[in-house]
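Quick notes on the structure that follows.
Derivation of every value follows stated rules applied to the coordinates shown; laboratory data play no part. This structure is a prediction, so every number in the text was calculated from the model and none was measured. Virtual Cβ from ideal backbone geometry, glycine too; neighbours counted across all protein chains shown.
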Amino acid sequence: MSKKLYIETLGCAMNSRDSEHIIAELSEKENYKTTTDISEADLILINTCSVREKPVAKLFSELGIFNKKKKDGAKIGVCGCTASHLGAEIIKRAPYVNFVLGARNVSKITDVIHRERAVEVDINYDESEFAFDDFRTSPYKAFINISIGCDKSCTYCIVPKTRGEEISIPDELILREAKRSVENGAKEIFLLGQNVNNYGRRFSGEHEKVNFTELLRRLSAIDGLERIRFTSPHPFHMDDEFIDEFAKNPKICKSMHMPLQSGSTKVLKDMKRGYTKEWFLERVEKLRALCPEVSISTDIIVAFPGESNEDFLDTLDVMNRVKFDQIFSFKYSPRPETEAEHFTNVVDEDVASLRLTTIQDLNTKILDEKNSVQLGKIYRVYFEDLNSDYFVSGRSDGNMLIKAKGSDELLGQFRDVEITAIGRTILTGKIID
Ligand code: SAH
Ligand code: SF4
Ligand code: F3S
């Protein structure tokens, strides 16, 4: 009889893909099947995120709950970025945890489940060429890792300490995985890396130096593949060649994530982001000139140490000029083992909160303006999800979430949809073709 796996995934898309790898390895090699009922699970895993303080604090309260709910003999494992940075400390604080598996050690999952109190968190471990078994949550969209780790040293960020140095996955492995997912029904692939457009700088073995633009070209030659998305590109590496290819390649979705972090050149310097406010605005201008329909999303951190009111106004200025289509905004959260952890010019908590609300209010205003012209517009939607009330939903090329009346026959299909109602998180439309 198969054993039951309960797995909770926090954090970014890379963690979601790691969870798919974990599920694949455990089901193929150890005969596990997933369950959503924690009390029947033989193995309970939490795939953690460390990027801000809050989710880390939540981990220990959640582990306590798991320990109460689990059946006799069930094991608990902590995986992911918090596993990498806290390591054995997790078992000290929660002694009922059976093993700890870092974000860079996913391929060892079938080993650690058999070793009591195993702690595998080596961030120099290289699994860039490991052939994981295949499991995908969605048959319609395939998430594919193109690199592991991150070589940047943004002063606020813990990721290089949890995922180690950047290594690109050889392009033939990526191409093979993309072809296989297309054969299995995916018309869209989503390439993942902390810094995708730095692709090709370092491989673990001897390898042809293929850069990200060339990788995109090679992937777009796959028959049956219709859409390519990726995250995250770094504004510093958005060279002309990349923007040109993005604009002219019809298979690349016209939605770009451009993580700004701050609009102030001074703060960007303190963050070690490697670009200025002017560079960012110039890249946006170039992108929009070549690709006017592009939608642009971003990440913004407010109240980084030393961020003055003037610096903050620079961020608002960039928002007003660019008019992002989506913003993920965060209050700066000091992280262990980062440079900024030691910065002393901390911004007051109430100022930080006010700045975050100001960003969010301005964003809502910009989005409402953008949404107000959507009625009657027609978008090509790739349907991926069945919603409860006889609706299916999917995304436009520009990454807008759109739902329409329909059944599961529409999943994995493209349709033209005319927008009939506007909502802040999702648009509603009717299928016209
Ligand atoms: N590699 C991606 C970022 C991954 S982390 C990139 O460079 O864009 C996702 C986002 O979390 C970051 O873009 C940043 O906005 C936010 N973030 C990272 N560290 C943070 C911290 N210490 N405090 C607040 N937000 C943080
Ligand atoms: Fe963190 Fe910077 Fe790397 Fe992104 S590029 S993961 S923000 S260090
Ligand atoms: Fe992702 Fe969180 Fe790790 S954002 S890379 S899971 S710290």
If I model a spin label at residue 350 and residue 430 as a point 7 Å from the Cα along the Cα→Cβ vector, what separation in nanometres do I get?
5.3
Per residue of the stretch 326-343, what does 6.51 cos²θ - 1.76 cosθ + 1.60 with θ = phi - 60° give for ³J(HN,Hα)? Whole Hz please, x for Gly and Pro, Karplus curve as stated.
7, 10, 9, 10, 9, 7, 4, 10, x, 10, x, 6, 10, 5, 5, 4, 8, 5
Over the Cα atoms of the stretch 41-180, Rg to Rh with Kirkwood Rh, two decimal places?
0.99
Sequence-distant aspartates and glutamates (8 or more away, or on other chains) whose Cα lies within less than 13 Å of residue 71
37, 40, 42
Starting from the Cα-Cα distance between residue 378 and residue 342, subtract it from 0.36 nm times their residue separation and give me the gain in nm to one decimal.
7.9 nm
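Quick one: net charge of residue 182's neighbours, Cβ under 14 Å, K/R +1, D/E -1?
Working: positive: 136, 141, 176, 179, 180, 187, 218, 227, 251; negative: 134, 177, 183, 188, 223, 226.
Net charge in that neighbourhood comes out at +3.
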What distance in nm separates the two pseudo spin-label positions at residue 326 and residue 54, each 7 Å out from Cα along the beta-carbon direction?
1.8
What ranking do 138, 84 get, fewest neighbouring Cβ atoms within 10 angstrom at the top?
138, 84
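Mind checking the stretch 338-433 for trypsin sites (Lys or Arg not before Pro) that DSSP puts in a loop (not H, G, I, E or B) and that have at most 13 other Cβ atoms within 10 Å? Walk me through the intermediate numbers first.
Working: sites: 355, 365, 370, 377, 380, 395, 403, 405, 415, 424, 430; in loops: 377, 424.
When the trypsin sites (Lys or Arg not before Pro) of the stretch 338-433 are filtered for loop state and at most 13 Cβ neighbours within 10 Å, 377, 424 remain.
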The correct pair for the chain, radius of gyration to one decimal and Dmax as a whole number, both in Å and from Cα atoms, is 22.1, 64
With 0.36 nm assigned to each residue of separation and the Cα-Cα distance removed, residue 122 to residue 34 gains 29.0 nm
List the DSSP H helices in the chain whose Cα atoms stretch 27 Å or more along the helix axis and whose mean Kyte-Doolittle hydropathy is at least -1.0.
349-371
Using Cα-Cα distances under 8 Å and only pairs 6 or more residues apart, what relative contact order does the stretch 3-120 have, in percent?
25
Calculated on alpha-carbon atoms, Rg and Dmax of the stretch 255-372 in Å
14.4, 45
Could you check what % of the DSSP bridge pairs in the chain are antiparallel, to the nearest 5?
30
Using a 7 Å offset from Cα along Cα-Cβ at residue 201, what residues in the stretch 336-350 end up with backbone N under 18 Å from the label point?
339
Taking H as built 1.01 Å from N, whose amide H comes closer than 5 Å to the amide H of residue 413, not counting residues under 5 places away?
383
Taking the square root of 5λ for each eigenvalue of the C-alpha gyration tensor of the stretch 136-253, the equivalent ellipsoid has semi-axes, largest first and in whole angstrom, of 23, 16, 14
Hey, what did the chain get for relative contact order, percent, Cα under 8 Å, at least 6 apart?
10
How high is the FRET efficiency between residue 278 and residue 1 when r is their beta carbon distance and R₀ equals 60 Å, given to the nearest 0.05?
0.45
Relative contact order of the stretch 210-263: what whole-number percent is it, with Cα pairs under 8 angstrom and at least 6 residues apart?
44
Residue-ordered couplings for the stretch 407-419, obtained by feeding phi - 60° into the Karplus form 6.51 cos²θ - 1.76 cosθ + 1.60 and rounding to whole Hz (Gly and Pro as x), are 10, 5, 4, 7, 5, x, 10, 9, 9, 7, 10, 9, 6
Apply 1/(1 + (r/R0)^6) to the Cβ-Cβ distance of residue 290 and residue 68, taking R0 = 41 Å, and write down the FRET efficiency to the nearest 0.05.
0.15
Given all pairs of distinct Cα atoms, the stretch 71-137 yields a Kirkwood Rh in Å of 12.5
Can you list, by residue number, the Cys in the chain that have no neighbouring cysteine C-beta under 4.7 Å?
12, 49, 79, 81, 150, 253, 291
Total charge of the residues flanking residue 194 in space, meaning their Cβ is under 10 Å from its Cβ, with Lys and Arg +1 and Asp and Glu -1, is 0
With a point put 7 Å past each Cα toward its Cβ, work out how far residue 151 is from residue 180 in nm, to one decimal.
2.7
In sequence order, what are the phi-derived ³J(HN,Hα) couplings for the stretch 388-393 according to the Karplus relation 6.51 cos²θ - 1.76 cosθ + 1.60 with θ = phi - 60°, rounded to whole Hz, with x for glycine and proline?
4, 8, 6, 10, 10, 10
Which far-off residues, 5 or more places away or on another chain, put their amide H under 5 Å from the one on residue 391, with H placed in the peptide plane?
406
Could you work out the local net charge near residue 263, counting Lys and Arg as +1, Asp and Glu as -1, over the other residues with Cβ closer than 11 Å to its Cβ?
-3
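Could you list, in their original order, any pairs among 152/248; 161/277; 69/187 whose Cα atoms are separated by more than 32 Å?
Exceeds cut-off: 69/187.
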Under 19 Å from a label point 7 Å along Cα→Cβ of residue 364: give me every residue in the stretch 331-349 with its amide N that close.
331
